[in-house]
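Okay, so here's the structure we're looking at.
None of the figures in this text is laboratory data; all of them are computed from the coordinates on show. Please read these numbers as outputs of a predicted model, since none were measured by experiment. For neighbour counting, all protein chains shown are included, and Cβ atoms are generated from backbone atoms with ideal geometry for every residue, glycine included.
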Amino acid sequence: MIDLLVIPLIKIVIVLTGVLITVMYLVLLERKVQAWVQVRLGPMRVGPHGVLQPIADVLKLFVKEDITPVRADKVVFTLAPIIVLVPAIIAFAVIPFGDQVSIFGKPVPLHIADLNVGLLYIVAVASIGIYGIILGGWSSNSKYPLLGALRASAQLISYEVAVTLTFVSVILVSGSLSMVDIVTAQKANGVWFAFVQPLALSIYFVGALAETNRSPFDLPEAEQELVAGFHTEYSGMRFALFFLAEYANMIVVSAVATTLFFGGWLRPFPSVAFLHFLDFVPTWIWFVVKTFLVLYLFLWIRATLPRYRYDQLMRLGWKVLIPLAIANIIVTAAVKVALSD
Amino acid sequence: MGQAIAFYTLAACILGFGVLVITAKNTVHSVMFLVVNFLFVAGLYVLLGAQFLAVIQVVVYAGGIVVLYLFVVMLVNLKRPPEAHQDRRRRGRLGVTCSLVVLAELVAIAAYKYVSPAAGLPPALPMGPDNVAQVGMLLYTDYLIPFELASMLLLVAMVGAIVLAKRDL
Amino acid sequence: MEPDVARPMFDTDELVINMGPQHPATHGVLRVVLKLDGEKVVDADVVIGYLHRGVEKLSENRDWTQIVLLTDRLDYVASAAANLAYVETVEKLLSLEVPRRARYIRTILAELQRLASHLVWLGSHAMDIGAVTVFLYCLRERELILDLFEEYCGARLTYNSMRIGGLPQDLPPNWDKKVLQFCDIQLEKLVEYETLLTHNRIWLERTKGIGVISAADAIAVGLCGPPLRGSGVVRDVRKDEPYAAYAEMEFDVPVGTNGDTYDRYLVRLEEIRQSVRIIRQALGGLPEGPVMGKVPRLIKPPAGETYHANESPKGEIGYFIASDGKSTSPYRLRVRPPSFCNLQALPQLVRGHLVADVIALIGTIDIVLGEVDR
Amino acid sequence: MTPITPVHYMVLSAALFIIGVIGVMTRRNIIVILMSIELMLNAVNINLVAFSNLWQNAAGQVFVIFVICVAAAEAAVGLGIILAFYRNKETVNIDEMSLMRW
């Protein structure tokens with residue numbers, strides 16, 4: 001009973017709170033990093049160096065008036081943010097945060113579930129989030145959100161193809177769809193897949209930027225163009241849910257990048273013996289550090305690059321990334337076959 | 001026991017949302033119910049030990065095909081609210097009668113099989129542990145030709161859809 | 001059934017959207033009514049007048065010196081340029097001789113103002129295309145210019161920095177050194193903006209080939225300033241009809257070749273360099289002497305009318321002033337605002353482009369609504 | 001409670017199929033009709049998976065993959081036709097699609 005219910009439940013609670021707190025502080029980190037790049041200070045007033053800013057933000061969003069446009073489809077309008085948020089959070093179920101640890105002599109793996117279709121599960125869950133965006137834009141009964149929603153869905157679907165294709169090449173190397181097996185395969189091979197599949201990594205990263213609506217692909221919410229995109233009409237708590245989902249998605253894609261390409265919970269250079277002393281660091285710390293480095297890259301890019309235009313983004317997705325990803329799969333498969341002989 | 005509960009819940013949801021799909025007035029709501037319906041069907045696949053299919057169902061059906069529907073519904077409704085289409089009662093009634101007859105027939109067959117001794121089919125066993133490998137093996141060996149044909153079909157459909165939907169090539 | 005020929009096949013997706021007057025990318029209260037086909041702009045209708053304050057009519061009830069203050073409010077990111085054009089027009093009407101030192105200082109102020117205005121333009125243009133960092137970098141340097149202006153005339157935005165016949169005061173001590181220092185900083189930081197943009201693939205894709213306007217079209221539609229030069233027309237009032245001390249300065253007039261958004265961007269960046277060059281020359285050869293000419297106590301120009309134009313950062317700013325010779329205020333004052341004339345090209349520029357380009361194109365013509373609506 | 005046998009799945013599948021049939025017969029909105037067809041395809045899939053489970057043979061699942069392929073192709077082409085039709089006649093009512101009828 002304890003193995004079946006209590007431990008997973010505790011894990012779910014820990015992951016959920018961890019994710020929510022990380023999201024809150026990711027927002028602060030983003031504002032701070034942006035500010036430092038842009039010769040500003042960022043939030044400074046709430047708490048020392050603004051460390052309490054996220055709490056103030058959340059409080060503000062809670063007490064703000066929650067407006068529903070008069071002719072909006074009320075049910076769908078309320079459901080849409082939830083449809084966006086739920087997939088973003090349940091995707092964490094298959095992410096392995098660390099190796100097995102023993103707590104009170106009981107071995108506990110640091111993941112909620114190890115599905116044999118783990119990677120596909122992430123793809124599936126991500127594809128559901130699109131509905132929230134489209135429906136949110138549609139139900140607002142307003143032109144800007146609708147345009148933003150149509151843009152968003154087209155963008156997400158296009159880039160999902162490229163991202164999924166990069167998964168295929170990783171699967172070819174690892175020989176498994178399970179997230180845990182992918183990490184152990186990197187341990188067995190003694191090398192991170194980032195070095196085995198550099199092209200897949202770059203395609204995945206670009207695709208991830210586009211899938212999480214991050215700059216330079218932040219068209220669905222391009223402030224200067226479509227006001228705020230699909231969530232223009234949202235305010236208060238429901239807006240906060242969209243916001244939360246966006247950042248949760250960022251963490252998901254970073255965590256997936258870490259797992260697939262940067263060796264998950266493994267220490268750097270897992271095969272080099274004399275770095276053995278690094279093993280004293282708990283595995284989950286490696287995971288968190290790597291994830292944050294990927295996240296930092298997201299923020300850095302946002303502060304540096306201008307924004308793509310819609311048709312250019314589509315062209316990049318379909319005419320560059322997808323063919324490259326397919327070519328990568330073919331090459332990977334050919335090499336695998338050649339090596340196995 | 002647990003399996004039965006899961007089955008009846010899923011079945012009820014599948015049928016309920018199926019009915020909602022065809023009865024909802026607003027097409028967008030229809031599409032939403034369809035998605036939910038597909039998700040429950042995916043749940044049923046998990047119950048039947050076909051995890052790979054369940055995920056494919058979500059990715060392709062819920063995440064791909066139905067999004068396409070939603071897209072078209074929105075393009076079509078962009079300018080005007082969904083029109084109240086004139087329902088031709090006569091044909092509607094015909095359809096209901098027709099389908100009720102088929103339903104009765106099928107239920108009769110099922111019920112007959114259920115009560116007859118021939119229904120003593122072996123209970124559902126759990127599938128092999130590696131469902132993905134199993135399906136993949138079959139797909140790339142015994143069913144290789146159909147698989148390639150399917151990919152051709154998709155290519156043709158893709159070209160066809162682009163030709164149909166693009167205003168000027 | 002006959003196909004309906006009169007109706008275009010795809011008018012079902014035609015969508016009319018309002019961009020502005022409250023929109024983050026319309027640089028104030030510009031309203032653009034866009035007719036879209038999908039995301040493509042079929043037509044655009046520019047609606048202005050949300051910021052009309054009647055500067056021209058007000059001028060008829062102010063005396064000549066008070067009007068300088070009104071001109072501050074035209075192009076509020078480059079008020080010194082508007083000041084200069086106005087006082088020069090009145091001086092022309094009065095046939096006043098302005099001391100050489102005053103003309104030099106006016107040139108310096110006008111060029112500093114051009115730098116400030118171009119920095120605001122570059123920043124907001126880049127921000128419209130998504131490069132927020134460039135905006136803050138540009139404003140960082142503009143802040144230095146504002147400090148310089150503050151030291152000179154006490155104001156940071158609406159300077160009221162010119163007087164009919166000269167200048168309100170001489171330069172503060174050490175001001176020239178600070179300006180030279182700033183010039184160095186500016187050239188150094190210009191490289192920083194260029195690293196972020198000029199060779200950035202995304203920036204190139206967003207600006208190259210966008211809003212192309214040929215030289216002939218540009219002249220026909222009445223473009224002026226950098227947008228005109230971006231199309232390859234060599235026209236700069238500073239060179240063609242020199243005023244202030246420009247006749248004694250050495251500088252190049254950069255022109256583009258394709259007339260697209262990228263060329264207009266390059267032209268303005270080069271103008272920043274040229275402005276720095278002019279400022280250095282003017283400070284180097286700054287003559288001694290008074291900064292105020294011999295101006296009658298009561299300014300009452302003789303009956304007559306005149307038109308005088310300057311090269312403001314946005315383009316050719318001109319004043320047409322008629323005096324009846326009797327009153328102490330103009331009989332009629334008419335401003336030729338460059339933003340207004342450049343804005344006329346917007347519908348032509350955006351046609352056939354995407355919504356996202358509209359933003360880039362509003363940015364590229366560099367308008368200030370205070371000047372458009374007057 | 002009786003154990004869940006393939007017959008249960010068959011009944012469920014039949015019922016879902018009938019819902020699809022009723023949708024096709026009664027609704028006049030062509031998009032809803034296409035969705036009803038998807039329901040029917042799903043009903044078939046449920047059957048296939050159920051039998052695949054019964055015989056412990058993954059071939060049934062392979063067929064489901066083919067069905068999903070066909071459904072995707074059908075949706076893409078069908079919706080393309082709807083879009084083209086809507087552009088010409090501004091309707092999605094199937095009763096007005098009678099141009100090819102003799």
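Numbers for the structure displayed
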read-out	value
Stokes-Einstein translational diffusion, chain D - Kirkwood Rh over all Cα pairs, 1.306 mPa s, 10 °C, in µm²/s	103
Quarter of the Cα convex hull surface for the stretch C:312-374, i.e. its orientation-mean projected area (nm²)	5.1
Dipole of chain C, positive end: most advanced residue of C:Thr65, C:Val234, C:Thr207 [Cβ charges, Cα centre]	C:Thr65
Label-point separation, A:Val168 to A:Leu41 (7 Å along Cα→Cβ), nm	5.3
The stretch A:72-201 - Rg (one decimal) and Dmax (whole number), Cα, Å	18.5, 59
Eligible lysines near C:Lys177 by straight Cα distance, threshold 17 Å, same-chain separation 8 or greater	none
Of C:Gly352, C:Val120, C:Ser275, farthest towards positive along the dipole that unit charges on Lys, Arg, Asp, Glu beta carbons give chain C	C:Ser275
Against the rule of thumb 2.2 N^0.38 Å, how large the Cα Rg of the stretch A:1-54 comes out	1.68
Shielding score for C:122-131, defined as the mean number of other chain Cβ atoms within 10 Å	4
Average other protein chain Cβ within 10 Å of Cβ, residues B:139-149	2
Amide hydrogen neighbours beyond the local backbone of C:His353, cut-off 5 Å, H modeled	C:Val41
Pairwise label distance in nanometres, A:Thr78 with C:Ser95, each label 7 Å out on the Cα-Cβ vector	8.2
Cα-centred dipole magnitude for chain C, charges only on beta-carbon of K, R (+1) and D, E (-1), debye, nearest 20	1220
Aspartates and glutamates whose Cα lies under 15 Å from that of A:Lys64, excluding same-chain neighbours fewer than 8 positions away	A:Glu233
Gaussian network model of chain C, springs between alpha carbon atoms under 10 Å - residue of C:Ser59, C:Ser95, C:Ser161 with greatest fluctuation	C:Ser95
For chain A, radius of gyration divided by Kirkwood radius, i.e. Rg to Rh on alpha-carbons	0.98
Net charge dipole size for the protein assembly as shown [Lys, Arg +1 and Asp, Glu -1 on Cβ; Debye, nearest 20]	1240
Dimensions (Å) - chain C, Cα atoms, principal axes, largest first	84, 49, 34
Cα gyration tensor category, rounded, prolate or oblate, for the stretch C:114-235 with a/c compared to 1.5	oblate
Alpha-carbon spread of the protein assembly as shown, three principal axes, descending order, Å	122, 83, 56
For the stretch C:205-329: rounded, prolate or oblate by the Cα gyration tensor [a/c cutoff 1.5]	oblate
Mean-position separation - Cα centroids, the stretch C:172-199 and the stretch A:172-198, in angstrom	51
The stretch B:1-77: C-alpha pair distances exceeding 19 Å, %	39
The stretch A:156-222: C-alpha gyration tensor shape, a/c 1.5 cut-off, then a/b vs b/c	prolate
Inter-probe distance in nm under a simple model that places probes 7 Å from Cα toward Cβ, at B:Tyr140 and A:Val272	3.5
Residue-averaged beta-carbon neighbours from other chains (10 angstrom radius) around D:38-47	5
Between the stretch A:248-284 and the stretch A:1-32, the alpha-carbon center distance in angstrom	19
For C:Ser312, residues with placed amide H under 5 Å, excluding near neighbours	C:Ile317
Alpha-carbon Rg with Dmax, taken over the stretch A:187-341, Å	18.7, 61
Alpha-carbon Rg/Rh ratio, for the stretch A:1-149, with Rh computed the Kirkwood way	1.06
Reachable lysines from C:Lys208, criterion Cα separation under 25 angstrom, eight or more residues apart if same chain	A:Lys319, C:Lys35, C:Lys40, C:Lys189, C:Lys314
C:Val32 long-range amide H proximity, modeled H, under 5 Å	C:Met19, C:Gly20, C:Val47
